[in-house]
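To start, the structure itself, in structure tokens.
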Amino acid sequence: MRGDFPLFPDSASTIASQVDHLYFYLLAVSAFFSVLIAVLVVVFAIKFRRRSEADLPPTIHGSLLLEITWSAIPLGIALSFFVWGAKIYFRMNRPPDDALQVYVVAKQWMWKLQHADGTREINELHVPLGRAIELKMTSEDVIHSFFVPAFRIKKDVVPGRYSTAWFQATKAGRYHLFCSQYCGTNHAKMVGWVDVMEPIDYQNWLAGGGGSGSLAAAGAALFQQHACNSCHRPDSQARGPNLEGLFGRTITLSNGRTIVADESYIRESILNPTAKLVEGFQPIMPTYQGLINEEGVLELIAYIRSLQHPNSSSGTRMLPPTNRMPAPNRPGQETGGAPGSRPADEERKP
Amino acid sequence: MSAEMTPPLVDAPPRESFLTAGYGVKSWLLTRDHKRIALLYLASITFFFFLGGLFALLIRLELLTPEGDLVQPETYNKLFTMHGIVMVFFFLIPSIPAVLGNFFIPMMIGAKDLAFPRLNLLSWYVYMIGGLFTLWAVVHGGVDTGWTFYAPFSTVSSSSHVLPAAIGIFITGFSSILTGLNFIVTIHTMRAPGMTWFRLPLFVWSHYATSLIMVLGTPVIAVTLLLVALERIFHLGFFDPALGGDPVLFQHLFWFYSHPAVYIMVLPAMGVVSEIVPTFARKSVFGYRFVAYASVAIAVLGFLVWGHHMFVSGQSVYAGLFFSLLSFFVAIPSAVKVFNWTATMYKGSISWRTPMLYAIGFIGLFTIGGLTGLFLATLGVDVHVHDTYFIIAHFHYIMVGGAIMGYLGGIHYWWPKISGKLYSEGLAKFAAFVVFVGFNLTFFPQFILGYLGMPRRYHSYPPEFQVLNVMSTAGASILGFGYVLPLAYLFWSMRYGRDASSNPWGATGLEWQTTSPPPTENFPVTPVVDWEPYEYRPKKEVAAVG
Amino acid sequence: MAEPRPLSREEYAASRLQHHFVSMEQQRDASTLAMWVFLVTEILFFGGFFLTYTVYRWQDPVGFAHASQNMDIVLGTVNTAVLIISSLTMAMAVHSAATGRRKPLLAYLSATILLGFAFLGIKAVEYTDHIHHHLFPGPGFRFPGPDKPAAEMFFSLYFGMTGLHALHMIIGIGIVGTLLVMAYRGRFTPEYHSPIEVSGLYWHFVDIVWIFLFPLLYLIGRHLK
């Protein structure tokens, strides 16, 4: 058994110290009141102990003033906890705009992570120090939860939707990653590491990772493979909305509601196309549920994200379709494998 | 009504009481006497308590070492699931209401029985049938979903006996509803003449508030389990995203009951404390009305906070704000009660008998548990400690340090009344001390483990967490020993204990105005109440009581 | 041997007083309050289903409406009328008991039971029809067009909610049947008929649940036709 053991976790992110300060405030107030009650109770039990069976204490029914006081003061203190906690919570839920994207797909019982440049990792996440990192997460099966104690962040990873968490690491090192939502037999083994590296080291690591093709490029290949461009095309034969410049734009649906075309919208449109029909289009898009897995969806989102508005001068443009037959559907199962090796990418090279 | 003690009736001939009114199994299994039904429940919940405790022991044994080397992962997952199910649904929720509430509510209000004696008996049978279903699931390989049954794991992924366990809990829920219904109707319609609402013992107020929750909350867990069952049997998609369902909807439905359920577990214990403290301080409860109102406030507010179990689930940030704020509000009435109990002791005449030790233990441990609840209501902190051992420590402080200590205190307080016997005070004090020490050693290290980041429901863990885990397991073995002791000396007292008088503690309350044990009809003559609750008068002012 | 003297109405009512109550009035108050509390639990019970319906209909109102078009509105309306009339006959039964008219009491209780069976019979016809059209949710579910997931959710809720309702109807018929037997044996008098009153409350509640189910399940697709 180890002789040394920690009593307090590492504090390795910008939010961690904020959480800790609030925690210490809570601890102090709790310790104060616990000790106060304990001392009062013990002192009263001793000082007013029964000395004879004939003892008859005074009848004291109560005091409105005391009741108000000891309701109001705790309420005030509680509200201070609430406000401070809410502020931190808002910060936790508002990733900065310049955050580096990392995509996380959880499944029983492993974490699959992809950097924007296509680098994949399993159960381990390398990140640079001092940069905000935004995690876009979904699950392939049951609910999991991404928990890094040293960063004080946690978010449930839910099948059928995306959830987001973000952090900015402040200390280089290796930190536990735990799944913290019970997910079956090997829940306790669904653990890993977050490696925070100095920016130079991170760049070297990224470069040496053999990244060939960014997520967006992989998405472009999928787009071709599934012949999405036969309907979603920039010319007059289009039967689906033009996707150039779509990401982040507000669009109008057939029921009159408007919605921002974000990751969740695009994911839903691929897997359940008629749930949100764009105004002016027919519900003819087939569903790709079972044909494209969660990682494929993330790659497609990265590709669509890169498609700039037709009138802009930079960014990727969509290519009109060729007369080639579409490639056979990619199976719904993920490939997985050791970090760094990506056999699936080889298939998808155009 | 006097506070003087009547002399103990030692060496008296065996007395007629509800215990002697009819012998044989049929007279117990077909009884309509609320007191006998209470004892039927006492036997059953004691069985389930030790079953749940056995699971806990195995869990703590596994956690002695970082590797999962005692049992298989599947087995471990079943152990913590069944520990939770058995303890929550088959021990904690029924415990005080079905044993002490059933026994004493009619007596405390001056009635001969509850409003519906046959429904009362039915509620015990329903509880037993539900228990049998769950035991079947346990014996045939167990359930591994966690007592929280989160979808889609429970509906799609788990291959364990989810259905029988869910059915068992569904059925037992009706036992809860029937008990609550019986209590509400009884308290409303059967109070003796002069027993107005604000003359009721606070134990009755607590159980009234608890019954409101039982009656309003339990149907929701019932329908939730029904949805889970339908989904599993017919492959429907209420909570399965692959079929368009929403797994988070399950969480809303589940916690809508399961949060108020924790108040079902703690309010009755608070009621017990509200009886013990004035008796052993020989002083009226300070702020009676506020304590009464606080019980109802806890019940009402308790229905508005369920989302604090879901701060990281993906629910909207604004929902998080609402639930956090309400969770702070619900803490205030509990704090008010703690202050009022403490003030009751001020200038009292404190006796250190065992029930008082348990009550004092409750006050201290519930305060710690409740304060750690504030950590969890605090959004920014909860994100870090959610689903870690911090949560486990928090709710065990309330459920074990609070509810179980309240239960044991109540058992020790009313044991002379129920059995007509006195237990060994020395042994009882020793057991209370062992329980207190064992409990704190078990669960305090878990707060530290939780903030360190050790997740809950983990079969194996990083080696740096081991020392704290070993401490916790050591405490658990002490705690277990402390629980076995009362079983032994209470049983022993039934055979060999000294006879108890009708009012060995010099307490107020109608239940102390009749014999120990009471006759079947509770009171030979319906009492007429014209005094305030917890009124202690000096001996020379004793009026003749008819 | 002397013949036992029949009890007077007052004596009979007094004999129905259970030993733990102090008066008939207390007993009556208790049983009425108990039924109301029980009905509140039923509201919460069905409420979980109604909440689930609300969530998924909000998610895809058009899909739900399309699915609802597969309901037989004629049969649904007939069933609604059947239940409302049965509540009327039940209320008349209570009134007959309160005024001591035994024959009308027996007639109205019987009518209530018959109407209850009629309701269940029509539901059985509808269920059979739906199953034939592959509208029972699960692996065998078939629904052409893009609304299939929403339609399957709709039918899951339809079978779940109406099934739960039908179960309550069956229990209600059992209760009213028991009352019929008791009434036949002359157990009810103007001074003692609270079992009928209290069962009436239950029956009306089951009726009201249907009044909510009917528009939510049968009428939401009408505007699309």
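What the Cβ-Cβ distance of A:Ala72 and B:Leu485 gives, at R0 = 45 Å and to the nearest 0.05, is a FRET efficiency of 0.55. State the percent of C-alpha pairs, over all pairs in chain A, separated by a distance greater than 33 angstrom. I get 44 percent for the Cα pairs in chain A exceeding 33 Å.
Approximating the spin labels as points 7 Å out from Cα along Cα→Cβ, the C:Glu191-to-C:Glu42 distance works out to 3.0 nm. Summarising the amide proton neighbourhood of A:Val278: residues at separation of 5 or more, or on other chains, whose placed amide H is nearer than 5 Å comprise A:Ser254. On a per residue basis, the convex hull of the C-alpha atoms belonging to segment B:1-152 measures out at 207 Å³.
Residues A:Ile46, C:Ile220, ordered by accessible area of protein heavy atoms at a 1.4 angstrom probe radius and largest first, appear as A:Ile46, C:Ile220. Taking the DSSP bridge list for the protein assembly as shown and keeping only pairs wholly inside it, about 70 percent are antiparallel.
With every protein chain kept in the model, how would you rank A:His126, B:His34 by accessible area, 1.4 Å probe, largest at the top?
The ordering from most to least exposed comes out as A:His126, B:His34.
Taking a point 7 Å out from the Cα of A:His21 in the direction of its Cβ, none of the residues of segment B:418-459 has a backbone N less than 12 Å from it. Ranked by solvent-accessible area (1.4 Å probe, protein heavy atoms only, all chains present), the residues B:Arg118, B:Arg199 order from largest to smallest as B:Arg118, B:Arg199.
Applying a DSSP loop filter and a limit of 16 other Cβ atoms within 10 Å to the chymotrypsin sites (Phe, Trp or Tyr not before Pro) in segment A:223-285 leaves A:Phe281.
How far, in degrees from 0 to 90, does helix B:405-419 lean away from the longest principal axis of the Cα atoms of chain B, to the nearest 10? The angle comes out near 40 degrees. Here the average projected area of the convex hull drawn through the C-alpha atoms of segment C:26-218 stands at 11.1 nm². Each residue, A:Trp205 and A:Arg51, gets one label point 7 Å from its Cα in the Cβ direction; the gap between the two is 7.2 nm. Measuring with a 1.4 angstrom probe and ignoring ligands and nucleic acids, A:Asp201 comes out at about 80 Å² accessible. Centroid-to-centroid, using Cα positions, segment B:425-478 and segment C:33-51 are 41 Å apart. Charge tally around B:Phe239: other residues with Cβ under 10 Å, Lys/Arg +1 each, Asp/Glu -1 each, net -3. In chain C, helical runs assigned H by DSSP with n ≥ 4 each contribute -39500 (n - 2.57); averaged across all residues and rounded to the nearest 500, the mean residue ellipticity at 222 nm is -26500 deg cm²/dmol. Evaluate the Debye formula for segment B:322-449 with equal point scatterers sitting on the alpha carbons, no solvent, and hand back log10 of I(q)/I(0) at q = 0.19, 0.22 Å⁻¹, in q order, two decimals. One equal scatterer on each Cα of segment B:322-449 leads to -1.08, -1.27. The residues of segment C:33-76 occluded by other protein chains by 50 Å² or more of accessible area, set against the chain on its own, are C:Leu33, C:Val37, C:Thr41, C:Leu44, C:Phe45, C:Phe49, C:Thr52, C:Tyr56; surface from heavy atoms, 1.4 Å probe.
With a cap of 13 neighbouring Cβ atoms within 10 Å, and only residues DSSP puts in a loop, list the trypsin sites (Lys or Arg not before Pro) found in segment C:172-223. The qualifying sites are C:Arg185. Think of a 1.4 Å ball rolled over the protein heavy atoms: segment B:232-360 then has 24 Å² of accessible area per residue. Helices of chain A meeting both criteria, an alpha-carbon length of 20 angstrom or more along the long axis and an average Kyte-Doolittle score not below 0.5, with helices taken as full DSSP H segments, are A:14-47, A:64-92. Mind scanning B:Lys26/B:Lys112; A:Lys154/C:Lys148; C:Lys123/C:Lys148; A:Lys107/A:Lys155; A:Lys107/A:Lys136 and naming the pairs with a C-alpha gap bigger than 25 Å? Cα-Cα > 25 Å for A:Lys154/C:Lys148; rest within.
Per-residue SASA remark: C:Glu10, around 130 Å² accessible (1.4 Å probe; ligands, DNA and RNA not included).
The share of accessible area on the protein assembly as shown that comes from carbon and sulfur is 66 percent, using a 1.4 angstrom probe.
Comparing A:Val83, A:Val104, A:Val39 in a Gaussian network model of chain A (Cα springs below 10 Å), the most mobile by mean-square fluctuation is A:Val39.
Working note: 222 nm ellipticity from helices only, DSSP H runs with n ≥ 4, each -39,500 (n - 2.57), summed and divided by the residues of chain B, gives -21000 deg cm²/dmol to the nearest 500.
Here the dipole of chain A is about 440 debye; that uses its Cα centre as origin and unit charges on the Cβ of Lys and Arg (positive) and Asp and Glu (negative).
If you plug the beta carbon distance of C:Ala91 and B:Tyr293 into 1/(1 + (r/R0)^6) with R0 = 41 Å, you get a FRET efficiency near 0.55.
Rg and Dmax of the protein assembly as shown, based on Cα coordinates, read 32.7, 116 Å. I'd like the FRET efficiency for C:Ser23 and B:Trp352, computed as 1/(1 + (r/R0)^6) with the beta carbon distance as r and R0 of 60 Å, rounded to 0.05. The formula returns an efficiency of 0.85 here. Within the full protein context, the accessible area of B:Met471 is estimated at about 70 Å² for a probe radius of 1.4 Å.
Summed over both chains, the contact between C and B buries some 2700 Å² of accessible surface at a probe radius of 1.4 Å. Under the simplified labelling scheme, the B:Leu61-C:Thr99 pair shows an inter-label distance of 7.4 nm, with each label point 7 Å from Cα along Cα→Cβ.
The values are calculated or read from the model by the stated rules, or taken from the named source; none is laboratory data. Keep in mind the model is a prediction, meaning the values are calculated, not measured. Using ideal geometry, Cβ is built from the backbone for each residue, glycine included, and neighbour counts are taken over all protein chains shown. These area figures cover heavy atoms from the full protein model, side chains too; ligands, DNA and RNA do not enter into them. Shrake-Rupley method; radii C 1.70, N 1.55, O 1.52, S 1.80 Å.
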